[in-house]
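The values are calculated or read from the model by the stated rules, or taken from the named source; none is laboratory data. Note that the coordinates shown come from a computational prediction; the quantities given were computed from them, not determined experimentally. Every residue, glycine as well, gets a Cβ built from its backbone with ideal geometry; the counts of neighbours run over all protein chains shown. Note: areas computed on protein heavy atoms with side chains; ligands, DNA, RNA excluded. Shrake-Rupley method; radii C 1.70, N 1.55, O 1.52, S 1.80 Å.
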Amino acid sequence: MNQFNEPVRMNSKKNSTQSAVSIRKRKDLSVTEKLELLEQYDSCGSVSQREAAAKLGISQPLLCKLLKSRDELKEMNYGHQNVSRKRKREGKASDVEEALLIWFTRARDKNAPITRDILCDKARSLAESLGVIDFNPTDGWLTRWKVRNNIVYKKFYGEKQDVDKPRADRWLSEVLPPLLTEYSPADIFNTDESGLYYRAMPDSTLTFHKDNVAGGKKSKDRLTVLFTCNMDGSEKKYPLVIGKSANPRCLRGVKNLPVGYKSNKNAWMTSVIFTEMLQEWDAENRRKKRKILLLLDNCTAHPEGVHLTNIQLQFLPSNTTSIMQPLDQGIIHSTKAHYRRCLRRRIISLIDDGEKTAQEVVKSINVLDACHMVATAWSTVSTATIQNCFKKGGFTN
């Protein structure tokens, strides 16, 4: 009996020890988790705190503490603090940190660009004015301060900073509705051009952990591509590619090019090229007895005084195209993503077929290759993507 019972007593003692350890183990909660518990408590109805705590799986003292700090937790949630933190820690100079946060908030409200050096210089200045002696804003201190206050580094993107939102709203409510009644979605088009670095390699890769990843010089070979599509996504005109050379060697003898091609010494869109495109398209619409509306931005390459009979030009308000122009809402971005996918596949395919490196393969890609990949990428953009981007720009029936 004893030889069978002894292990049981040992296991029982071990289990009780583990249970005691698990009971004593402290579980810290983040601000988000605390707010979720308060929401669950509110849905418990009219029950005592003891019963509510049992339902929530926490102790009554903890629930009481959460209820008392409800306002503070909400303020932290709606502010810029890091709500995933589980403990509130302060740095070595709390007065300096608080003053720096106040200054940083005011600076960002004025859209001032803030760098690491600016933060460190300002922290030293604030420490001196507060009488904090021997304060040194090290990288570790600055990193912890940023984490505590949910501050991250971001790149400036797009042109939305200069958007005239009131003007956009007025245009959408006053100018657009009559146009939508006059033209069907299939006859409302948007056109816009964008630069394309057609040989640009991806700037990141998967690799072995111990390998050193060395990047090469980025290719600056650029084309400009004009994209045009209609509101319901049923029609995408051939892209117009603009290069530097009037007669590239790779295009000599090519009879069927999947895109249009024009040239300019800077590979830019010009008013002459754009006018020629409009006149050719207008003549095509006259033959088809079709009238369309063309939405476009008012850049210098888009002249207003072009005589057209079957195309009505409607210029979008200035300083609004980044939030209104459908092609800028994701259509061009999607096309470039498909292009980069085509480029990566081509690189892998040529590497598999020979002994060239990826950099050597990229250098061998010419304008003809780029034209075919642009055409493939443009054809891959879905109807749903186009329709959603028009809706995002405010163009809805």
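Table for the structure above
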item	result
Cβ pairs under 7 Å, 6+ apart, first in the stretch 305-329 and farther than 20 Å from Pro166 by Cβ and in contact (Cβ under 8 Å) with a residue 60 or more places away in the chain, second in a loop (DSSP other than H, G, I, E, B) and open to solvent by less than 20 Å² (accessible area, probe 1.4 Å)	Pro326/Gly393; Pro326/Phe395
Given (1) more than 26 Å from the chain's Cα centre (by Cα); (2) open to solvent by 50 Å² or more (accessible area, probe 1.4 Å); (3) of a type in the set (Val, Ile, Thr), index of the condition Thr380 fails	(1)
Near pairs, Cβ below 7 angstrom, 6+ apart or cross-chain, from the stretch 120-131 (charged (D, E, K, R)) to any residue that is in a helix (DSSP H, G or I)	Lys122/Leu100; Lys122/Trp103
Verdict on Val83 being touching a helix residue (DSSP H, G or I) at 6+ places or on another chain (Cβ under 6 Å) and either open to solvent by 60 Å² or more (accessible area, probe 1.4 Å) or at pLDDT below 80 (or both)	yes
Hits in the stretch 245-263 (condition: open to solvent by 90 Å² or more (accessible area, probe 1.4 Å) and within 18 Å of Met277 (Cβ to Cβ))	none
Residue, nearest to Asn388 (Cα to Cα), within the stretch 328-357, restricted to residues that are under 27 Å from the mean Cα position of the chain (by Cα) and small (Gly, Ala, Ser)	Gly330
Top-ranked residue in the stretch 136-149 [being of a type in the set (A, V, I, L, M, F, W, C) and open to solvent by less than 30 Å² (accessible area, probe 1.4 Å); ranked as nearest to Glu97 (Cα to Cα)]	Trp145
Residues (touching a strand residue (DSSP E or B) at 6+ places or on another chain (Cβ under 7 Å) and assigned to a loop (DSSP other than H, G, I, E, B)) located in the stretch 311-332	Leu316, Gln325
Residues satisfying the stated conditions in the stretch 246-267, i.e. assigned to a loop (DSSP other than H, G, I, E, B) and in contact with a strand residue (DSSP E or B) (Cβ under 6 Å, 6 or more places away or on another chain)	Ala246, Val259, Asn264, Ala267
Filtered residues of the stretch 130-153 (kept if hydroxyl-bearing (Ser, Thr, Tyr) and either in a loop (DSSP other than H, G, I, E, B) or touching a helix residue (DSSP H, G or I) at 6+ places or on another chain (Cβ under 8 Å) (or both))	Thr138, Tyr153
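Conditions tested, residue by residue: (1) within 14 Å of Val175 (Cβ to Cβ); (2) of a type outside the set (Phe, Trp, Tyr); (3) modelled with pLDDT of 95 or more.
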residue	(1), (2), (3)
Arg287	no, yes, yes
Pro303	no, yes, no
Val306	no, yes, no
Gln312	yes, yes, yes
Leu316	yes, yes, no
Ile323	no, yes, no
Leu327	no, yes, yes
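Here is a yes/no grid of residues against (1) among the aliphatic types (A, V, I, L, M); (2) open to solvent by less than 30 Å² (accessible area, probe 1.4 Å); (3) outside any loop (DSSP other than H, G, I, E, B):
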residue	(1), (2), (3)
Ser334	no, yes, yes
Arg340	no, no, yes
Arg346	no, no, yes
Lys356	no, no, no
Gln359	no, no, yes
Val362	yes, yes, yes
Ala370	yes, yes, yes
Thr376	no, no, yes
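Residues checked against (1) open to solvent by 90 Å² or more (accessible area, probe 1.4 Å); (2) modelled with pLDDT of 75 or more; (3) in contact with a Phe, Trp or Tyr (Cβ under 9 Å, 6 or more places away or on another chain):
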position: Val163; (1), (2), (3): no, no, no
position: Ala168; (1), (2), (3): no, yes, no
position: Leu172; (1), (2), (3): no, yes, yes
position: Pro178; (1), (2), (3): no, yes, no
position: Glu182; (1), (2), (3): yes, yes, no
position: Asp203; (1), (2), (3): yes, no, no
position: Lys217; (1), (2), (3): yes, no, no
